[in-house]
Structures are given as structure tokens and as C-alpha cells.
Ligand SMILES: NC(=O)c1ccc[n+]([C@@H]2O[C@H](COP(=O)([O-])OP(=O)(O)OC[C@H]3O[C@@H](n4cnc5c(N)ncnc54)[C@H](O)[C@@H]3O)[C@@H](O)[C@H]2O)c1
């Protein structure tokens with residue numbers, strides 16, 4: 001549990017059925033916030049919502065602007081005007097780009113990038129008219145560390161970082177804050193069947209604590225874990241060739257290409273539509 005207190009703050013969390021979104025919702029609830037969950041997995045979000053005692057648990061497809069508008073309207077009815085929107089829903093199919101179907105390339109960009117933009121378009125006008133609000137976008141360290149085997153995902157998260165920063169500047173002085181959260185690999189179904197570098201692995205609770213603190217005290221950007229953030233900052237200071245050499249020695253170029261355990265990842269791939277049928 002985070003020490004931050006957010007009594008009565010209304011927070012809408014996308015992709016809240018499981019993983020990082022679920023943990024964020026739990027920590028925010030413990031901090032006194034009224035939390036509304038949205039997810040494309042309606043059965044899972046309903047179960048998570050009742051387990052957490054959420055103000056509402058709703059169907060949401062972040063790729064569909066009408067669905068997002070409906071989600072926010074219902075969130076307001078259930079809990080009051082939305083103070084904070086957490087754009088957390090995201091997918092990460094992995095493998096060599098040449099083997100990625102057109103459908104899944106488009107899907108990654110639709111969920112990870114357009115999903116964030118749709119949410120911002122839907123939530124921002126009301127926040128601006130109230131003169132306060134906070135949009136928190138869950139990006140990734142992968143947005144700053146291009147990694148073989150996740151080219152489209154890296155591109156999507158880099159897009160989220162650029163979008164968040166531009167919106168932060170565009171809304172400066174309006175009372176509406178924009179923040180990007182950059183988690184390292186985090187123990188959820190999203191990394192199933194991969195050998196994500198253990199030394200850099202975070203727990204969903206680490207991200208949730210950071211987000212809870214971030215809402216209490218808005219900042220431009222937060223990296224989770226601190227150690228991963230320090231490693232990234234150090235990497236930026238060293239010559240590129242050294243960084244690439246070290247990454248290859250660690251076998252990073254194989255982790256999300258040749259060394260993926262497809263059987264262990266089958267459930268995740270099915271859930272996000274990464275199947276031969278697309
Ligand atoms: N797990 C990691 O290693 C890691 C690291 C850095 C960033 N992230 C980011 O954190 C966020 C959450 O990831 P996670 O690890 O909890 O994944 P997860 O798969 O455990 O949960 C993601 C949730 O998003 C939902 N979702 C997917 N598409 C949706 C859509 N179109 N509309 C609404 N909901 C949708 C899923 O149903 C699922 O419940 C993602 O944006 C991810 O890119 C994860």
C-alpha cells in the first residue's frame with residue numbers, strides 16, 4: 001500500500017481487469033479513490049470489479065471512440081466527474097517483424113496508440129472546462145529502448161511518449177496534467193513465455209505504488225523500477241556501441257525472437273488475437 005491519500009478522487013482505469021491495471025485500481029482504492037474499471041474482457045472486468053469493490057466495472061474497447069465516450073459517461077454516473085484517466089490498456093505480441101500479420105501490426109497500434117488518443121479526446125474537454133484533471137499514460141521503457149522482437153510495440157510506446165509530452169505542453173497552465181509511466185518488464189500475463197531479464201523485472205504493485213504517488217503529486221514522467229530507470233539513464237550516457245554490445249552479451253536480441261516459449265504464451269496470444277487466423 002502507498003502512503004499517498006486520494007480521498008474521493010475519481011479515477012478511471014482502462015485495461016483494469018488484470019495485471020498492472022488491476023493492481024493500480026487496488027492501490028488507488030486503498031488510498032481512498034473511487035475507481036472505475038474498463039476492459040474489453042467483460043467477464044474478467046466484472047469479476048475484478050466486484051473483488052475490489054470498484055464503483056463500476058464496465059465494458060470498454062479503447063480502439064472505439066464511441067465505446068470510450070460511453071465508458072466515461074457511465075463512469076461519471078457511477079462515481080462522479082472523472083478526475084484522473086489512466087490509459088493502461090495495452091498489448092504486446094512478440095516475435096520477428098517479418099512474421100507479424102498485418103492485422104496484429106494494426107491492432108498493436110490501435111490499442112496502444114489510438115487507444116490513448118481516443119481516451120484523451122474523450123476525457124480532456126470536460127477536464128479543461130473544469131480547469132483540473134490528470135491523464136496518466138502507461139507507456140514502457142521499451143519506448144526508449146528499442147528491442148528486437150517487439151518492433152511494433154516499441155514504436156507504439158515511443159508514440160505514446162511523444163503524444164504525452166506534446167499534450168503536456170499543449171495543456172500547460174490549464175490545470176490538466178499529463179504524465180507518462182515507463183515500467184520495465186513487469187510480472188503479468190503480457191510477458192508469459194518470455195525470459196524477460198530477471199534483474200530488471202518489476203511487480204505490478206511497484207507500478208501501482210508509483211502511479212498512486214504520481215496522482216498525489218503529478219510529474220512529467222516516472223520510471224518503474226528506480227533501478228531500471230538508473231540503468232536506462234546510465235545506458236544513455238555510454239556510447240551506443242557499448243550499450244548494444246552489452247545487450248547482445250545478455251542475449252536480449254534472442255529473448256523476444258528465437259527464445260519465446262510459444263506454448264507458454266498460447267493463452268496470451270489467443271487473448272490478444274495473435275493467432276495464424278489473425
Ligand atoms: N507487463 C509488462 O512487462 C509491461 C511493461 C511495461 C509496460 N507495460 C504496459 O502496461 C499496460 C498493462 O499491461 P499488463 O502487463 O497489465 O497487461 P495484461 O495483459 O495483464 O493486461 C492488459 C489488460 O488490457 C485489456 N485490453 C486489451 N485490449 C483492450 C482494449 N482494446 N480495450 C480495453 N481493454 C483492453 C486486456 O483485456 C487486459 O485486461 C500495457 O499498456 C503494457 O504495454 C507492461
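The values are calculated or read from the model by the stated rules, or taken from the named source; none is laboratory data. On a predicted model such as this, the values are computed, not experimentally measured, just so you know. Every residue, glycine among them, receives a Cβ derived from its backbone with ideal geometry; neighbour counts consider all protein chains shown.
Given the conditions (1) more than 12 Å from the ligand (Cβ to nearest atom); (2) free of Cβ contacts under 8 Å to residues at least 24 places away in the same chain, which single one is not true for residue 175?
(2)
Pairs under 8 Å by beta carbon, first residue touching a residue at least 12 places away in the same chain (Cβ under 8 Å) and farther than 18 Å from residue 270 by Cβ in the range 38-66, partner more than 10 Å from the ligand (Cβ to nearest atom) and part of a loop (DSSP other than H, G, I, E, B), six or more apart or different chains?
48/54
Only one of these is modelled with pLDDT under 95, surrounded by 17 or more Cβ atoms within 10 Å (Cβ to Cβ), over 14 Å from the mean Cα position of the chain (by Cα) and at negative phi: 241, 231. Name it. I'd like the intermediate steps shown before the answer.
Values: 241 fails: surrounded by 17 or more Cβ atoms within 10 Å (Cβ to Cβ).
Criteria check complete, one pass: 231.
Run residue 101 past the list (1) in contact with a strand residue (DSSP E or B) (Cβ under 8 Å, 6 or more places away or on another chain); (2) farther than 21 Å from residue 176 by Cα and report the number of the one that doesn't hold.
(1)
Looking at 165, 170 in this structure, which one is within 22 Å of residue 233 (Cβ to Cβ) and either surrounded by fewer than 19 Cβ atoms within 10 Å (Cβ to Cβ) or without any contact (Cβ under 8 Å) to a residue 12 or more places away in the chain (or both)?
On the way: 170 fails: within 22 Å of residue 233 (Cβ to Cβ).
Just a single option satisfies the conditions, and that option is 165.
Among the residues of the range 47-56, is there at least one that is within 12 Å of the ligand (Cβ to nearest atom) and either modelled with pLDDT under 95 or surrounded by fewer than 18 Cβ atoms within 10 Å (Cβ to Cβ) (or both)?
Yes, the range 47-56 contains a residue that is within 12 Å of the ligand (Cβ to nearest atom) and either modelled with pLDDT under 95 or surrounded by fewer than 18 Cβ atoms within 10 Å (Cβ to Cβ) (or both).
Across the range 1-15, what is the total count of residues that are more than 7 Å from the ligand (Cβ to nearest atom) and surrounded by 22 or more Cβ atoms within 10 Å (Cβ to Cβ)? Lay out the reasoning, then the answer.
Our first condition is that a residue be more than 7 Å from the ligand (Cβ to nearest atom); within the range 1-15, this holds for 1-13.
Within this subset, residues satisfying the condition of being surrounded by 22 or more Cβ atoms within 10 Å (Cβ to Cβ) are 6, 11-13.
So the count comes out to 4.
Quick test for you: out of 39, 30, pick the one residue that is at pLDDT 95 or above and surrounded by fewer than 22 Cβ atoms within 10 Å (Cβ to Cβ).
On inspection, the qualifying residue turns out to be 30.
Assuming residue 21 fulfils every condition listed in (1) free of Cβ contacts under 8 Å to residues at least 60 places away in the same chain; (2) in contact with a strand residue (DSSP E or B) (Cβ under 6 Å, 6 or more places away or on another chain) apart from one, which condition is it?
(1) is the only condition that residue 21 fails.
Give just the number: which of (1) within 22 Å of residue 160 (Cα to Cα); (2) more than 22 Å from the chain's Cα centre (by Cα); (3) in contact (Cβ under 8 Å) with a residue 60 or more places away in the chain does residue 209 not satisfy?
(2)
Which is out of contact with any helix residue (DSSP H, G or I) (no Cβ under 7 Å at 6 or more places or on another chain) and within 21 Å of residue 119 (Cβ to Cβ), of 172, 220? Lay out the reasoning, then the answer.
Numbers: 220 fails: out of contact with any helix residue (DSSP H, G or I) (no Cβ under 7 Å at 6 or more places or on another chain).
After ruling out the rest, the residue left standing is 172.
Mind listing just one residue for me: the one in the range 65-87 that is under 21 Å from residue 174 (Cα atoms) and within 14 Å of the ligand (Cβ to nearest atom) and, of those, surrounded by the fewest Cβ atoms within 10 Å (Cβ to Cβ)?
Here the answer is 72.
Would you be able to say whether some residue in the range 246-256 is assigned to a helix (DSSP H, G or I), under 19 Å from the mean Cα position of the chain (by Cα) and over 21 Å from residue 97 (Cβ atoms)? Show your work before the answer.
The initial filter retains those residues of the range 246-256 that are assigned to a helix (DSSP H, G or I), namely 246-249, 252-255.
Then drop every residue that is not under 19 Å from the mean Cα position of the chain (by Cα), which leaves none.
No, because not a single residue in the range 246-256 is assigned to a helix (DSSP H, G or I), under 19 Å from the mean Cα position of the chain (by Cα) and over 21 Å from residue 97 (Cβ atoms).
Tell me, yes or no, whether the range 105-118 has at least one residue that is over 30 Å from residue 172 (Cα atoms) and away from the ligand (no atom under 14 Å from the Cβ). Reasoning before the result, please.
First, the residues of the range 105-118 that are over 30 Å from residue 172 (Cα atoms): 105-107.
Filter again for away from the ligand (no atom under 14 Å from the Cβ), leaving 105.
Scanning the range 105-118 turns up at least one residue that is over 30 Å from residue 172 (Cα atoms) and away from the ligand (no atom under 14 Å from the Cβ).
Residues in the range 222-242: is at least one closer than 19 Å to residue 87 by Cβ and in a helix (DSSP H, G or I)? Give the steps one after another, and end with the answer.
Step one: filter the range 222-242 for residues closer than 19 Å to residue 87 by Cβ, giving 222-224.
Right, trim to in a helix (DSSP H, G or I) and you get none.
Within the range 222-242, none of the residues are closer than 19 Å to residue 87 by Cβ and in a helix (DSSP H, G or I).
I'd like the full set of residues that are touching a helix residue (DSSP H, G or I) at 6+ places or on another chain (Cβ under 7 Å) and more than 12 Å from the ligand (Cβ to nearest atom), limited to the range 30-46. If you could, list the steps in order and put the result at the bottom.
Pass one, the range 30-46, residues touching a helix residue (DSSP H, G or I) at 6+ places or on another chain (Cβ under 7 Å): 31, 34-39.
Those that are touching a helix residue (DSSP H, G or I) at 6+ places or on another chain (Cβ under 7 Å) and more than 12 Å from the ligand (Cβ to nearest atom): 31, 34, 35, 36.
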